[in-house]
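Structure first, commentary second.
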Amino acid sequence: MEKKRFYITTPIYYPSGDPHIGHAYCTTLCDVFARYKRMRHFEVYFLTGTDEHGLKIEKNSAAKGLSPQEYVDGIVSTFKKLWTSLEISNDDFIRTTEERHIKVVQDVFSKMYQNNDIYLGKYEGWYCVPCESFWTDTQVGEEHLCPDCHRPVTSATEESYFFNTNKYLKELLKWYDKENVIYPINRKNEMINTFIKPGLEDLCISRTSFKWGVPIRENEKHVAYVWLDALCNYISALGYGSNDDSLYKKFWESEESEIIHVIGADITRFHTIYWPEFLTSIGARLPDRVFVHGLLMMKDGKMSKSKGNVVSPYPLIDKYGVDTVRYYLVREVVFGQDGQFTPEQFAERSNMDLANNFGNLVSRTVSMIQKYFDGIIPEFTPGVNEFDNELEILTKNTVSSFIEKMDDLHITEAYIDVMNLLGRANKYIEEMAPWALAKDPTKENNLKSVMSHLANIIFVGTKLLEPVLVIKSKEVYKMLGLTENEADFDNILNIHLLDNHKVEKGNALFPRLDVAKESEYIKSLMGGKN
Ligand code: MSP
C-alpha cells in the first residue's frame with residue numbers, strides 16, 4: 001500500500017557532551033528526507049530529541065557539581081541551538097526527562113509486566129558504563145573489554161527485572177522477512193548471526209544501582225534500564241496512551257503512515273531486536289524501516305575530545321553558510337556507509353559542486369539571458385537540436401531516478417545524479433557556444449532554445465536541491481523570477497513554467513574557496529589535528 005504519511009526519527013542523543021559534526025550528520029540527513037517528503041506534499045512528522053538518564057549522566061553531573069537535571073538542561077540547549085543553526089525542521093523535540101515521556105515508560109513497563117513478559121531475577125555479569133550495556137562472559141572475552149567500545153567492563157551483581165526476549169522471537173523473525181525492513185541488509189544478517197542464532201539472552205530492563213532514571217511503579221527500588229527508557233521516546237512523543245493520542249493514531253497506529261527510524265550502526269541491536277519485541281509485547285505495530293547509517297570518522301579514527309579531533313559544526317556554519325555544511329554532509333559520505341571528515345575535502349567539495357558546478361551554471365545563464373534577451377527567458381520549444389533532446393531526456397530521467405533513490409533513502413546517490421545533470425548543462429553551454437550563436441541572426445531560435453533549456457534545468461536542479469540548500473534555493477527562484485507558488489514541486493516537469501519570466505541578477509551563490517587556506521582554518525578549529 002502506498003503510504004500517505006511519514007514518521008521519521010533520529011536517535012535521541014546523549015547530552016553527555018556538546019554536539020559534534022557526527023550528530024549533525026544523522027540529523028541533517030533525516031531533515032533532508034523530511035523536507036523532501038514535505039516538498040512532495042506528503043504529511044511528515046519528524047522527531048529528534050535527547051536521552052538524558054543513566055549512570056553516565058549521573059556521574060558527569062556529579063563531577064561538575066551540578067544536579068543531573070541542571071547538567072542536562074545546559075547541554076540540551078546546545079543541541080537545540082545547533083538544530084536551529086542547521087535549519088533542522090523537526091516537528092518536536094523529545095526529552096526523556098519530560099513528564100509526558102516518563103509516564104509512557106512506566107506504562108510500557110506495567111503493560112509488559114501484566115503480560116508476564118517480565119520477571120524479577122538477579123543479574124550477574126559484566127557492565128560497560130559508557131555504553132550502559134550488560135555483556136556475557138563470552139562477549140567480554142578474556143580481557144574483559146566491552147565488545148562495542150573496547151573499554152574495560154566491570155563485574156556487576158544486582159536484582160533486576162528481565163524481559164523475556166525469546167517469547168516474541170517468532171514475530172521478530174517474521175518482521176525480518178519484510179523487504180528492506182533493516183537497511184543495509186548486512187546489518188540484518190549481523191543481528192541474526194551475532195545475537196539470534198547463538199540464542200538471545202533475556203534483557204535486563206531495570207537497575208537498582210543508580211537513581212537517575214524513570215522509577216518503576218511496580219517496585220520503588222528500581223529505575224528503568226536506559227535503553228527501555230530511550231526507545232520509548234518514539235511513541236511518547238506522539239502521545240501514546242495519553243488523552244491526546246491523535247498523533248500516535250495518525251503516525252504510528254495507522255497503516256497509512258510509514259515509520260522510519262534512522263540510526264547509527266552502533267545502536268542497531270537495540271532498534272532491531274529489543275525495540276520490535278517491546279512493541280510486540282505492548283501490542284503496537286512495528287516500524288516499517290530501520291535505516292542504519294555509517295559513522296563519520298576522522299583520519300585518526302573516531303571523534304573524541306581526548307584526541308582533539310572533534311569538529312563542531314558552528315564555526316563551519318558561521319564561515320561557510322548552513323547550505324554548504326548541509327550539502328557537505330549529504331554528499332561526502334554515502335548514506336549507509338562509513339566515511340571520513342577531512343578539512344581539504346570540505347573545501348574541495350564546496351568548490352567542485354556548489355561554486356563551479358551549480359553556482360557557475362546559474363550565474364552564467366542569468367547573465368546570458370540578460371545580455372541576449374533583456375532578461376526575459378525565451379519560450380521553451382522542445383528538441384530544437386540534438387543536444388536539446390538529450391538534455392530533455394536526461395532531465396526527466398534525473399527527476400524519476402532522484403525520486404526513486406530518495407524514497408529508498410539513498411540520499412547521497414540521489415544528489416550525485418542532480419550534480420551530474422547540472423554538470424551536463426554546463427557542458428551544453430560549451431557545446432552550443434551561445435556567444436557564437438548570438439552573432440548570427442539566423443541562429444536566434446537555437447539561442448532561445450539554449451537559454452530556455454538552461455533556465456529549465458536550473459529550476460529542476462534547484463528544486464531537487466531545495467531540501468539541502470534551504471537558503472540558496474530561494475535565492476535562485478528569485479533570480480529566475482519565480483514566486484513561491486510557481487516554484488512548487490508539482491511544476492518540476494512543466495517545461496513552460498519559466499516562459500517569459502524576467503531573470504534577476506543575484507549575489508554569487510557560493511564563493512570559490514582557497515582550499516589550502518580554508519583547510520588550515522578548519523584544522524585550527526580542531527586543535528590543529530587531522
Ligand atoms: N542515546 C542513544 C540513542 C538512543 S535512541 C533510542 C545514543 N546516543 S549517542 O548520542 O551516543 O549517539 C546517537 C547517534 O548519533 C548514533 O546512533 C549516530 O546516529 C549519531 N552519531 C554519533 N556520532 C557519530 C559519528 N561520528 N558519525 C555519524 N553519526 C554519529 O546512542
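The values are calculated or read from the model by the stated rules, or taken from the named source; none is laboratory data. What you see is a predicted model; the values in this text were computed from it and never measured. Methodologically, a virtual Cβ is constructed for each residue, glycine included, from the backbone with ideal geometry; neighbour enumeration extends over all protein chains shown. SASA here: full protein model, heavy atoms, side chains in, ligands and nucleic acids out. Shrake-Rupley method; radii C 1.70, N 1.55, O 1.52, S 1.80 Å.
Okay, here's what the table says:
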{"item": "For residue 319: the one exception among (1) open to solvent by 10 Å² or more (accessible area, probe 1.4 Å); (2) not in a helix (DSSP H, G or I)", "result": "(2)"}
{"item": "The stretch 399-453, residues that are over 22 Å from residue 357 (Cβ atoms), basic (Lys, Arg) and in contact (Cβ under 8 Å) with a residue 24 or more places away in the chain", "result": "448"}
{"item": "Residue count for the stretch 328-350, restricted to those that are charged (D, E, K, R) and touching a strand residue (DSSP E or B) at 6+ places or on another chain (Cβ under 8 Å)", "result": "2"}
{"item": "Some residue of the stretch 507-522 being open to solvent by less than 10 Å² (accessible area, probe 1.4 Å) and farther than 30 Å from residue 26 by Cβ", "result": "no"}
{"item": "Residue in the stretch 363-379 that is of a type in the set (Asp, Glu) and buried (at least 18 other Cβ atoms within 10 Å of the Cβ) present", "result": "no"}
{"item": "Single residue of the stretch 481-491 satisfying the filter (open to solvent by 70 Å² or more (accessible area, probe 1.4 Å) and not charged (D, E, K, R)) that is nearest to residue 358 (Cα to Cα)", "result": "483"}
{"item": "Lone unmet requirement of (1) assigned to a loop (DSSP other than H, G, I, E, B); (2) open to solvent by less than 50 Å² (accessible area, probe 1.4 Å) for residue 192", "result": "(1)"}
{"item": "Any hit, the stretch 25-36, residues being more than 15 Å from the ligand (Cβ to nearest atom), within 19 Å of residue 291 (Cα to Cα) and of a type in the set (Phe, Trp, Tyr)", "result": "yes"}
{"item": "Residue 9 under 29 Å from residue 297 (Cα atoms) and over 13 Å from the mean Cα position of the chain (by Cα)", "result": "no"}
{"item": "Only one of 362, 330 that is under 30 Å from residue 189 (Cα atoms) and part of a helix (DSSP H, G or I)", "result": "330"}
{"item": "Identity of the residue in the stretch 123-165, in contact (Cβ under 8 Å) with a residue 24 or more places away in the chain and among the aromatic types (Phe, Trp, Tyr), that ends up most open to solvent (accessible area, probe 1.4 Å)", "result": "126"}
{"item": "Answer residue from the stretch 275-288, given it is within 22 Å of the chain's Cα centre (by Cα) and not hydrophobic (A, V, I, L, M, F, W, C) and is farthest from the ligand (Cβ to nearest atom) among those", "result": "288"}
{"item": "Qualifying residue in the stretch 101-110 (condition: open to solvent by 60 Å² or more (accessible area, probe 1.4 Å) and closer than 30 Å to residue 468 by Cβ)", "result": "no"}
{"item": "Enumeration of residues in the stretch 45-82 that are out of contact with any Asp or Glu (no Cβ under 8 Å at 6 or more places or on another chain), away from the ligand (no atom under 13 Å from the Cβ) and among the aromatic types (Phe, Trp, Tyr)", "result": "71"}
{"item": "Candidates 264, 241, 213, 199, filtered to the one that is more than 23 Å from the chain's Cα centre (by Cα) and within 14 Å of the ligand (Cβ to nearest atom)", "result": "213"}
{"item": "Test for residue 35: is it in contact with a Pro (Cβ under 6 Å, 6 or more places away or on another chain), within 25 Å of residue 467 (Cα to Cα), at pLDDT 95 or above and among the charged types (D, E, K, R)", "result": "yes"}
{"item": "Flag if residue 8 is of a type in the set (A, V, I, L, M, F, W, C), modelled with pLDDT of 95 or more, surrounded by 15 or more Cβ atoms within 10 Å (Cβ to Cβ) and assigned to a loop (DSSP other than H, G, I, E, B)", "result": "no"}
{"item": "Condition met for residue 2 (without any contact (Cβ under 8 Å) to a residue 40 or more places away in the chain and either within 9 Å of the ligand (Cβ to nearest atom) or not in a helix (DSSP H, G or I) (or both))", "result": "yes"}
{"item": "Number of the exception - residue 120 against (1) open to solvent by 80 Å² or more (accessible area, probe 1.4 Å); (2) among the aliphatic types (A, V, I, L, M); (3) closer than 30 Å to residue 243 by Cβ", "result": "(3)"}
{"item": "Single condition residue 52 does not satisfy, out of (1) assigned to a helix (DSSP H, G or I); (2) under 30 Å from residue 153 (Cβ atoms); (3) of a type outside the set (Phe, Trp, Tyr)", "result": "(1)"}
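Residue by residue, here is whether (1) part of a helix (DSSP H, G or I); (2) closer than 26 Å to residue 218 by Cβ; (3) among the charged types (D, E, K, R) holds:
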{"position": "111", "(1), (2), (3)": "yes, yes, yes"}
{"position": "147", "(1), (2), (3)": "no, no, no"}
{"position": "161", "(1), (2), (3)": "no, yes, no"}
{"position": "178", "(1), (2), (3)": "no, no, yes"}
